1. Among all residue pairs at least 6 apart or on different chains, which show Cβ distances below 6 Å where the first residue, located in the stretch 137-156, is under 23 Å from His246 (Cβ atoms) and the second is aromatic (Phe, Trp, Tyr) and buried (at least 19 other Cβ atoms within 10 Å of the Cβ)?
2. In the set Ile50, Ile7, which member is at pLDDT 95 or above, out of contact with any Phe, Trp or Tyr (no Cβ under 7 Å at 6 or more places or on another chain) and either among the basic types (Lys, Arg) or surrounded by 20 or more Cβ atoms within 10 Å (Cβ to Cβ) (or both)?
3. Here are the criteria: (1) closer than 14 Å to Ala118 by Cβ; (2) surrounded by fewer than 17 Cβ atoms within 10 Å (Cβ to Cβ). Tell me which single one Thr64 does not satisfy.
4. Regarding Glu74, is this residue farther than 20 Å from Gly100 by Cβ, over 21 Å from the mean Cα position of the chain (by Cα), surrounded by fewer than 20 Cβ atoms within 10 Å (Cβ to Cβ) and modelled with pLDDT of 95 or more?
5. Tell me yes or no: at least one residue of the stretch 120-138 is β-branched (Val, Ile, Thr) and under 28 Å from Arg185 (Cα atoms).
6. Filter the stretch 125-144 down to residues that are part of a loop (DSSP other than H, G, I, E, B) and touching a Lys or Arg at 6+ places or on another chain (Cβ under 9 Å) and give me whichever is nearest to Pro98 (Cα to Cα).
7. Tell me the residue from His116, His138 that is in contact with an Asp or Glu (Cβ under 6 Å, 6 or more places away or on another chain), under 21 Å from Arg256 (Cβ atoms) and assigned by TED's automatic domain parsing to the domain that holds Ile80, please.
8. Tell me the residue from Gly152, Gly160, Gly224 that is small (Gly, Ala, Ser) and more than 27 Å from Gly95 (Cβ to Cβ), please.
Amino acid sequence: MIHPMAIIDPGASIGEGVEIGAYAVVGPQVTLGDGCTVGAHAIIESHSRIGKGTRVFSFASVGTIPQDLKFQGEETWVEIGDGCTIREYVTVNRGTVPGGGVTRVGNGVLLMAYCHIAHDCHIGDRAILANAAMLAGHVDIGTGAIIGGLVGIHQFVRIGSYAIVGALSGIPLDIPPYVTAVVARAQKGSGLYGLNLIGLKRNRFSEETIAELKKAYRILFRSGLTKGEALSRAEAETAPLPEVLHLLEFVRTSKRGVQR
């Protein structure tokens, strides 16, 4: 059902079974996949592709121009996958040309109320961002990662797959895959707190994989070795499982540095 008071641009493409509430705005060059829901007063401003079954709640704002002073009106996009939930007052900005031109949200992502997704961010499938999590430009969130409420993430930071970041953290460095992190800048003891064991078990990681990830974690983050030394030792002393290799490659390719 499309409410008669909704405002829909003629250039928008609306799929089958879409529901659009009163006073919602769907602008030009917007595609809504089958079964989407757009709540009352929500805005899909322009240049947005939203997948099947995604729900955009009231007062959310998607497809607005990036908060980047270099932006000059270029054609850039927001792409949101299937089955996502975008709660009240979430903002998702379009990409920028230097950043690749697309802000991308994967499938099955939950963005709780007041989250901000800045230009050129990439969020992997099934990630969860709790209330008022704030992503600066070019942030990359891996598959299945969980970001706590009121977390602020610096531009260009990567959060690895299945990592969990505790509420109120300020994240200036990359967070490796599979770990638990709490980063409170004015507090001693901040950093990594071991593997996200609950998350790994929920996602059916095998006991062997978890055991090898524990070995790699201890070598990489608790041995006191330099980055290069730790990587070499971890490669020599752990089984070459895909998850372990992913962790090692994440650390090896970090540009901002990795939180310890």
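The values are calculated or read from the model by the stated rules, or taken from the named source; none is laboratory data. From a predicted model like this one, the values you see are computed outputs, not experimental measurements. Cβ atoms come from the backbone with ideal geometry, glycine included; neighbour counts cover every protein chain shown.
1. These pairs meet every condition: Gly144/Tyr162.
2. None of the others qualify; the one that does is Ile50.
3. (2)
4. Numbers: farther than 20 Å from Gly100 by Cβ: no; over 21 Å from the mean Cα position of the chain (by Cα): yes; surrounded by fewer than 20 Cβ atoms within 10 Å (Cβ to Cβ): yes; modelled with pLDDT of 95 or more: yes.
The answer is no for Glu74.
5. yes
6. Val139
7. None of the others qualify; the one that does is His138.
8. Working: Gly152 fails: more than 27 Å from Gly95 (Cβ to Cβ); Gly160 fails: more than 27 Å from Gly95 (Cβ to Cβ).
Step by step, each of Gly152, Gly160, Gly224 is checked, and only Gly224 is small (Gly, Ala, Ser) and more than 27 Å from Gly95 (Cβ to Cβ).
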